[in-house]
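A short write-up of the structure that comes next.
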Amino acid sequence: MLVDALKLPAETLVETDICIIGAGAAGITLARELRDRPEQVCLLESGGFDYEEQIQSLYAGENTGLAYFPLKEARGRYFGGSTNLWGGWSRPMDEIDFEHRPWMPYSGWCFPKAELDPYYERAQTACHLGPFEYDLDYWQEGLAQQQRRQVPFSTTDELATYLWQIIPSTHLRFGEAYRAQIEQASNITTYLHANVLEIETNDSAQAVTRLRVASSDGKQFSVAAKIFVLAAGGIENPRLLLASNRVQSGGVGNQHDLVGRFFMEHPYLISGKLQPSRQIPLYTGRNCRIDETFVATALGLSKEVQKREQILNFAARLIPYEEEWVRAAIRLKQLGKPRAVGHQAFPKLQEHKEHRRKYFPSIKEGNKHSNDTTLIQDLMTAIANVDRIAAKVYAKASNKLLKKGSSKQPQLCETHLIGEQAPNPDSRITLSRDRDKLGMNRVQLDWRLSPIDKYTIKRSQQLIAAEFERSGLGKMQIEMGDDDASWRSLRGSYHHIGTTRMSHNPREGVVDEHCQVHGIHNLYIAGSSVFPTSGLSNPTLTIVALAIRLADRIQEQMSRAEATAGAIG
């Protein structure tokens, strides 16, 4: 059932068994796992089914650390959350990501990857991905049929090939894909335009009693439940805990000043170029389809190399590079032609791209290769390089006449580098004095890197460059240095991680191994804010796996409570 909170009478009390705050990847997954059970579920979503400027503006905040995206544009505040914006790249975290690494402070999860593997398998199905297989050997035959064979590196145990699966467009936007299931579930009531303002606890702060909620026009109501799950994202989760400071001055779950700390991203840098000596489509080709699964690959470093070099997890994508005069000529050639809409398996891709460009301008399609130049700028670039354009046209025509297309020179590639970030307690979310239109304190983000983060990116690229040269596969130019200028283009990946981290000890984290807030028996947190380390992989598949695991935990807890109540009765 759907309820628009704008139509609720003021001071309404909603009573339920389980209350989920946030209808993004984590919240929708939890609701789906709990649907059609005896327990009543309340799902609270700040927005509606589409983008609304006044609601999105509630995300606005201040960046006080490293340069970062405008916070208002860093997530999607409507049904489906940030799955309305993402590209669907999916990959489980690696074994080493869960391990304690002596060279990385605060590393190690509460359990090994093997604990999460059964939930990863269920997450694969929930996301309509292919088989739970991310080892390159499993995909070798299919990749070979796409002319993407393994590259013969001289040292086979140095480099690793990382593989991603990509969620098909039919299930890419969770809000669209699963709306009908949520609406039709017998036990789920979804409240739209419902903004949680405060988590209220009992006097001992050991149990949550109710939520104070406001519709987007400021009208307030309350939600009481037996179990509460905070699933509002890596920035909003700590914001709400910190703002709920009526009983504990530091906020709910913040007795050790850890809420909001350890903010992590996946640092992303475009730096350097590779001139291959031969075609290497396994790493330079676009995403490809094998049977019904779309896959993508990147270069990484083996677990052994990470240990030897004492670096973090890392990957490099090799993106074919065209100089600006070539891109200008291509754009001019395409004038008047209908815009490409991508692969036929993604019929709504262009629509979503245009939506992102309009409402989330910081998200640039193709990173820095966005087509933001004007017609006049392209014409001026083409005129200035007319001799080079003519030479390129002549060479292309000659190849056709001589039927030498297959001997095409390997294309220059730009290196796109992405790394894991080490947990850093000084990288954090805090509250500012500014308030949004509902009266909540806005956030401040102080994103900080540690020396090992930059060292990882630089050293990893050096190792990959050395292996290419040693194997006779090409030369890689490394542009980054020790000066700040060469790192100026470093940015994040819209991944908000670690701000309510998991730990066995409440002095080292906010939630326990079951994602329950330390010391509060009926408050759980879902999403990447509970990750103790960020790993390298895009976080959503792990978010979904943890949400499924949490749903099992909640079902067990509810069943035990019912059995106890029955025995007493």
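Residue by residue through the range 424-433, note down the ones that are within 15 Å of HIS495 (Cα to Cα) and surrounded by fewer than 24 Cβ atoms within 10 Å (Cβ to Cβ). ARG428 - this is the single residue of the range 424-433 that is within 15 Å of HIS495 (Cα to Cα) and surrounded by fewer than 24 Cβ atoms within 10 Å (Cβ to Cβ). Looking only at residues in the range 530-554 that are out of contact with any strand residue (DSSP E or B) (no Cβ under 7 Å at 6 or more places or on another chain) and either hydroxyl-bearing (Ser, Thr, Tyr) or without any contact (Cβ under 8 Å) to a residue 40 or more places away in the chain (or both), which one is surrounded by the most Cβ atoms within 10 Å (Cβ to Cβ)? In this case the residue turns out to be THR533. Of all residues in the range 280-320, those satisfying the criterion of being crowded, with 17+ Cβ neighbours inside 10 Å and part of a loop (DSSP other than H, G, I, E, B) are ILE280, GLY285, ILE311, LEU312, ASN313. GLU508 falls short on exactly one of the conditions (1) of a type outside the set (Phe, Trp, Tyr); (2) under 20 Å from ILE457 (Cβ atoms); (3) assigned to a loop (DSSP other than H, G, I, E, B), and that condition is (2).
The residues listed here are THR170, THR83; of these, the one that is under 30 Å from ASP4 (Cβ atoms) and surrounded by 17 or more Cβ atoms within 10 Å (Cβ to Cβ) is THR83.
Of a type in the set (Asp, Glu) and under 25 Å from MET93 (Cβ atoms) - does that describe any residue in the range 127-135? Scanning the range 127-135 turns up at least one residue that is of a type in the set (Asp, Glu) and under 25 Å from MET93 (Cβ atoms).
Under 28 Å from LEU445 (Cα atoms) and crowded, with 20+ Cβ neighbours inside 10 Å: is that true of VAL259 in this structure? Considered against the rule, which asks whether it is under 28 Å from LEU445 (Cα atoms) and crowded, with 20+ Cβ neighbours inside 10 Å, VAL259 comes out as yes. GLU508 falls short on exactly one of the conditions (1) in contact with a helix residue (DSSP H, G or I) (Cβ under 9 Å, 6 or more places away or on another chain); (2) farther than 22 Å from CYS19 by Cβ, and that condition is (1). For the range 131-152, enumerate the residues that are buried (at least 18 other Cβ atoms within 10 Å of the Cβ) and assigned to a loop (DSSP other than H, G, I, E, B). Once the filter is applied, which keeps residues that are buried (at least 18 other Cβ atoms within 10 Å of the Cβ) and assigned to a loop (DSSP other than H, G, I, E, B), the range 131-152 yields TYR134, ARG148, VAL151. Among the criteria (1) over 27 Å from GLU513 (Cβ atoms); (2) aliphatic (A, V, I, L, M); (3) out of contact with any strand residue (DSSP E or B) (no Cβ under 6 Å at 6 or more places or on another chain), the one LEU71 does not fulfil is (3).
Scan the range 155-167 and report the pairs whose first residue is under 12 Å from GLU467 (Cα atoms) and whose second residue is at pLDDT below 90, with Cβ atoms within less than 9 Å and a gap of 6+ or a chain change. So the pair list comes out as LEU159/VAL151; LEU159/PHE153. The sole residue among SER503, SER460 that is among the polar types (S, T, N, Q), in contact with a strand residue (DSSP E or B) (Cβ under 9 Å, 6 or more places away or on another chain) and not assigned by TED's automatic domain parsing to the domain that holds LEU242 is SER460.
Residues that are among the hydrophobic types (A, V, I, L, M, F, W, C), in a loop (DSSP other than H, G, I, E, B) and in contact with a Phe, Trp or Tyr (Cβ under 7 Å, 6 or more places away or on another chain) within the range 13-68 comprise ALA23, PHE49, LEU66, listed in sequence order. Quick one: is LEU6 assigned to a loop (DSSP other than H, G, I, E, B) and out of contact with any helix residue (DSSP H, G or I) (no Cβ under 7 Å at 6 or more places or on another chain)? No, not satisfied.
For (1) in contact (Cβ under 8 Å) with a residue 40 or more places away in the chain; (2) surrounded by 22 or more Cβ atoms within 10 Å (Cβ to Cβ); (3) closer than 25 Å to LYS72 by Cβ, each residue gets a yes or a no:
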residue	(1), (2), (3)
HIS416	yes, no, no
GLN421	yes, yes, yes
PRO451	no, no, no
ARG459	yes, no, no
GLY474	yes, no, no
GLY519	yes, no, no
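The values are calculated or read from the model by the stated rules, or taken from the named source; none is laboratory data. Remember, predicted model here, so these are calculated numbers, not experimental data. Every residue, glycine among them, receives a Cβ derived from its backbone with ideal geometry; neighbour counts consider all protein chains shown.
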